[in-house]
Structure formats: structure tokens, C-alpha cells
1. If amide H atoms are built 1.01 Å from N in the plane of the peptide, which residues on other chains or at least 5 residues away come under 5 Å of the amide H of Trp73?
2. Between beta-carbons, use under 11 Å as the cut-off and find the net charge around Thr138, counting Lys and Arg +1, Asp and Glu -1.
3. In nm, give the distance between the simple-model label positions of Ala140 and Leu77, each being 7 Å from the Cα along the Cα-to-Cβ direction.
4. Normalised radius of gyration for region 29-96, please: alpha carbon Rg relative to 2.2 N^0.38 Å, two decimal places.
5. Quick check: Cα centre of region 96-146 to Cα centre of region 65-85, how many Å?
6. Across region 37-53, in residue order, what do the Karplus-derived ³J(HN,Hα) couplings come to in whole Hz, using 6.51 cos²θ - 1.76 cosθ + 1.60 with θ = phi - 60° and x for Gly and Pro?
7. With each label point set 7 Å from Cα along the Cα-Cβ vector, what nm distance links Asp47 and Thr60?
Amino acid sequence: MKTLTFAFSLLLAPAVQASIIGDTIRIDWLFPDSTKVIATTGMIAPDVYSFAEGAIVAITDGQITIENMGSGWDGALFNGFVFTNLTNDPRFTSFSIVSETHPLAITPLTTFGSNFLSVNFAPTGEINSATGFNSIATFAFTTDNPTVPDHGNTALMIGLGLSAIALFRAKTTKHGRQLNRVNSR
């Protein structure tokens, strides 16, 4: 009976979700300053979006990849992207560039807040040329998202646990009745 109780308690333990997978992310491409949106889209992570203006953005859990279809970024007060989580507050704790296929002359400026990530490819206001065409920059981010119970999985686990108990009891009751009939003869 102790084993059954322990197994049942494991089934009741809630599954947790501490990522941005499944969240809706709004992507704003800002140019020539941080108030002018030249393109915007929304996506459910993970996903890839191709902007007609010449960039491809891919978002996965913990990583954003941006491919520039040209040879760099025009100079401006701001030429880059802001990623805003519209589903919940993941509490972003870091955002930094981790690799570039064709390094830019000027390192992009990354900033973050509780529910947004921002990258400015022209942080000095000057043209930021790459060493080749179709440069790909990969950024990493982390979150301090509190564990959120996934109630769908919890309900499923409780249902499976209750079904297992019902089957166990039905088997025990049937077996017990057979024993009583044998003993009563």
C-alpha cells in the first residue's frame, strides 16, 4: 500500500513550464529611431519569420537568430528589433550576442527588461557593415521565470492515477470474491 501511495503522489506532482515555448512574441523592427516601427509581426515560439525588408528572425527557447539578407545595417539612432513577450512575464535576466557568421564592424547593443529583449545593430548611429553578405547573428537569453504549474498535464496525471487505483481495486475485489467462493464450498 505504501508503494501505491508513493506512486500516486508522484502522479499528482505538477508538471512545470519555465520557458517561452508556446508564448506569443511580438517582433518590432525599429528604424531610424526607437519610436519608428517599419515592420512588425507576432509569432508563437518557436518559429521563424521572414521580413520583406530583408531579415529573417528565428526564435527558440533561449536563443534568437537574425539573418541580414544584405551586407550590414544602415546607420541610424536605432536599427534593430524589440522582442516583447505578450503571453506572460518571463523575467528576462540576460541577452547577449554569442556568434556571427560575418562579423559586423560595430558590436550590436543588446538590452533587456522583464518582458522584452532589444538589439540595435547601429548603436553608434553609423553604417554597420558586415564582412560578407547574409550575415547571421545569434543571441542567447535567459529567464528567471517562476515555475508555473501546467494544469493540463496535472489533470491528465490525476486522471491516470485515479484510473489506476480503480483498476487495482476492481482486480482486488474480483480476486477477493473468487477466494470467498472457494472457501465457502
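Every number in this text was worked out from the coordinates using simple rules, so none of it is lab data. The structure presented is a predicted model; accordingly, all values stated were derived computationally and were not measured. Here the Cβ positions follow ideal geometry from the backbone for every residue, glycine too, while neighbour counts run over all protein chains shown.
1. Amide H neighbours of Trp73, under 5 Å, 5+ apart: Asn128, Ser129, Ala130.
2. Residues near Thr138 contribute -2 overall.
3. Placing both labels 7 Å beyond Cα along the Cβ direction yields 3.4 nm.
4. Taking the Cα Rg and dividing by 2.2 N^0.38 Å, one obtains 1.15.
5. Between the Cα centre of region 96-146 and that of region 65-85, the gap is 8 Å.
6. Here the 3J(HN,Hα) series is 8, 9, 7, 8, 7, x, 8, 9, 5, x, 6, 10, 9, 10, 7, 4, 6 Hz.
7. 1.8 nm
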